[in-house]
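Below: one structure, written as structure tokens.
Every number here is computed from the coordinates shown, using simple stated rules; none is lab data. It should be emphasised that the depicted structure is a prediction, and the values quoted were computed from it without experimental measurement. We place every Cβ from the backbone using ideal geometry, glycine too, and count neighbours over all the protein chains shown.
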Amino acid sequence: MIAPALSTRIVMARAYTCPLGRVPSAPMKRLGLAALLLALSTAASASAQHVVEAGEADCSTPRRALLTFLANLQEGDAHPEQATRCFDWGAVRIADHDRQRQVAQRFKHVLDARGLYVQMDDIPDEEDPADTLRVVPFSNTLPQFYLVRKGSQWVISAETIRHVPAWYDETFAFDVDTYLEGAPSWLTERVFGVTWWQLMALLLLLAVAFFVRWVVTWVAVAQGSRLLTTIVKTLDRRLLDRAAKPIGTVVMVLLLIYAFPMLRFSVDVNRVIIFGLSVAAAVSAVVIVYRLVDVFADVMAKRADDTETKLDDQLVPLVRKSLKVVTVVLGVIFVLQNMEVDVASLIAGVSLGGLAFTLAARDTVANLFGSVSIFSDQPFQVGDWVVMQGVEGVVEEVGMRSTRVRTFYRSLVSIPNSKVADGVIDNYGARESRRTFLKLGVQYDTTPEQIEAFCDGIRAILANNPAVKKDGYHVYFTGFGDSALEIMLYFFFVVDSWADELRQRHLIFLEVLRLADALGVGFAFPTRTVHVTTRAKEKELPDPKRPDEEALGAAVLAFGPAGALARPAGPQISHGFYPGFDRPEGPHGGQGDDPDADQADSRE
């Protein structure tokens, strides 16, 4: 085999010699010499790559021993006697040639069915490879398969021979050859490169696999619904359906991986199909976890709705996003491992790039830790009125990077979580009560008795209001103003929202107005007295209302708890037209016979 290659290269080299006896030029000499050296080196390389043909047996090197085994068991040109030459039969005491041929053929079926394609370039072709006691073709998938040196020969080890029966039983659930022996001959005829029985078995396998997928999906949805309804009352069925479909896909793919080797396709076909099915199973498993995150988040969101705190309502979306990021990262690594990619080397190769990325993304990392700090310390909740970083408004969302605040002029401000965690936060929403402080000015002609009764009456109004904190209200005559006698009101509301505070303040102020009218107390406003000399006849003004002490006391009691004049809920003139009110039925609700009401409703 060396001579033809060598002679061919020499002929090619001679093509560069000078014809017709002319002396070649220097460039032509150099070109011819280079061609000759290339031919000689190529010939030497060709001589080193010795190829074992079918019918030959050469166990002098690990590569030639494997070629002897594989080349002599090729379909259509098999030589089982030669294929068994490079096995260590003596160590396992198998002298029967039929038994040896059976073991060799079954071992070849196992390698083909599992799609294990031997890369001959990775197998040494030296008789005595340096620092090599054994050669393992598949160290990850089939480590018990290796070749050892025995004398001057390289042979497939005794341990490999001992494992062949177990490998065969694991790969093939039943012996296809046994069933084909009594089958009609047309089943073994070929069409499009495959036999009829392989084609029919493949179609049947696909039909069974898709049916199993449908059954598993249905069972997963039913059992998942039954389990989750014990945790929450209602559940988004669409999320469960989306999570159950990849579960059925995984089971279907595993069934195909288990059954496909029994169809006895070639090693090239099995290699591609099994690789694709393995990747599909890995991707489906990642999709299962990814979609189960949505199911878990939906359950946690409904549980959070039953709690008093609002921050956990915002924690659920953050946990959902974080778990999805982790799932995608780990899922990519898992899929790459199933694609037989050296993930450790890949990670080591991108370590420098990862360091640069980390430095560039330090602000993002700081914001992420800021969000963790916010959720651990809980300085505010979603819906709280806060002032932070010069922004005042209501907290709308806490994300992984920023906190969003809806200002009172309805704009949306995003503040980085790192600044929120490091800054000062004034949380109005965390107040246990809401203060009201104001000064009322009454006229200077108000008598001391009226002032005392007025203060007592206001305290009675506060005591009668259920939203007023009962251990901290003060009403006193505190000073003489430029144009009024000043009465201080200082009290606290125990309410949940600003709207409730405004409502209760409105009701109390109405009661104060009614009390002032009942006591004859007038509210002062800045005035200026001008003295004008005139000859007109002076007109006597009526004396202001001056109730006696008994009438003043009766008025104070009437505005206290259970008093006849007390209206802590305010006068019911109408339903108030507060936000979210239900329009009443009847002639004034736009539903009756009042045409004006109907026109007003149509204008709205």
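Things to note:
- Residue order for 327, 141, fewest other beta carbons within 10 angstrom first, comes to 141, 327.
- If you plug the beta carbon distance of residue 222 and residue 258 into 1/(1 + (r/R0)^6) with R0 = 25 Å, you get a FRET efficiency near 0.50.
- Segment 194-349: C-alpha gyration tensor shape, a/c 1.5 cut-off, then a/b vs b/c: oblate
- J(HN,Hα) series, segment 156-167, from Karplus relation 6.51 cos²θ - 1.76 cosθ + 1.60, nearest Hz, glycine and proline x: 6, 5, 5, 4, 4, 4, 5, 7, 4, x, 5, 4
- Neighbourhood charge, 11 Å Cβ-Cβ cut-off, centred on residue 473 and excluding it, Lys, Arg +1 and Asp, Glu -1: +3
- In this structure, residue 126 and residue 490 have a Cβ-Cβ separation that, at R0 = 60 Å, corresponds to a calculated FRET efficiency of about 0.05.
- For residue 101 and residue 203, the FRET efficiency from 1/(1 + (r/R0)^6), where r spans their Cβ atoms and R0 equals 30 Å, is about 0.35.
- Between residue 61 and 154, the built amide H atoms are under 5 Å apart, and every one of these is 5 or more places off in sequence or on another chain.
- Contour minus Cα-Cα distance for residue 166 and residue 322 (0.36 nm per residue): 51.7 nm
- For residue 73, nonlocal amide neighbours, meaning residues 5 or more places apart or on other chains whose placed amide H falls under 5 Å from its own, are 79.
- Exposure proxy for 278, 414: other Cβ atoms within 10 Å of each Cβ, ordered fewest to most, give 414, 278.
- Amide hydrogen proximity for residue 476: with H placed 1.01 Å from N in the peptide plane, the residues at 5 or more positions away or on another chain lying under 5 Å are 488.
- Put a dot 7 Å past the Cα of residue 435, heading toward its Cβ, do the same for residue 366, and the two dots end up 3.5 nm apart.
- Computed 3J(HN,Hα) for segment 248-256, one whole-Hz value per residue from the Karplus formula 6.51 cos²θ - 1.76 cosθ + 1.60 where θ = phi - 60°, is x, 5, 4, 5, 4, 5, 5, 5, 5, glycine and proline marked x.
- Using a simple spin-label model with pseudo-atoms 7 Å out from Cα toward Cβ, residue 340 and residue 408 lie 6.9 nm apart.
- Net lengthening on full extension, residue 81/residue 478 (0.36 nm per residue, minus Cα-Cα): 131.0 nm
- Placing +1 on the Cβ of every Lys and Arg and -1 on the Cβ of every Asp and Glu, with no other charges, gives segment 360-430 a dipole of roughly 240 debye about its Cα centre.
- Hz values of 3J(HN,Hα) by residue in segment 404-418 - Karplus curve (6.51, -1.76, 1.60), Gly and Pro given as x: 9, 10, 8, 6, 6, 9, 6, 8, 10, 10, 9, 10, x, 5, 5
- Length released on extending from residue 150 to residue 188, taking residue separation times 0.36 nm less the Cα-Cα span: 9.6 nm
- Summed residue charge, Cβ within 14 Å of residue 123's Cβ, Lys/Arg positive, Asp/Glu negative: -2
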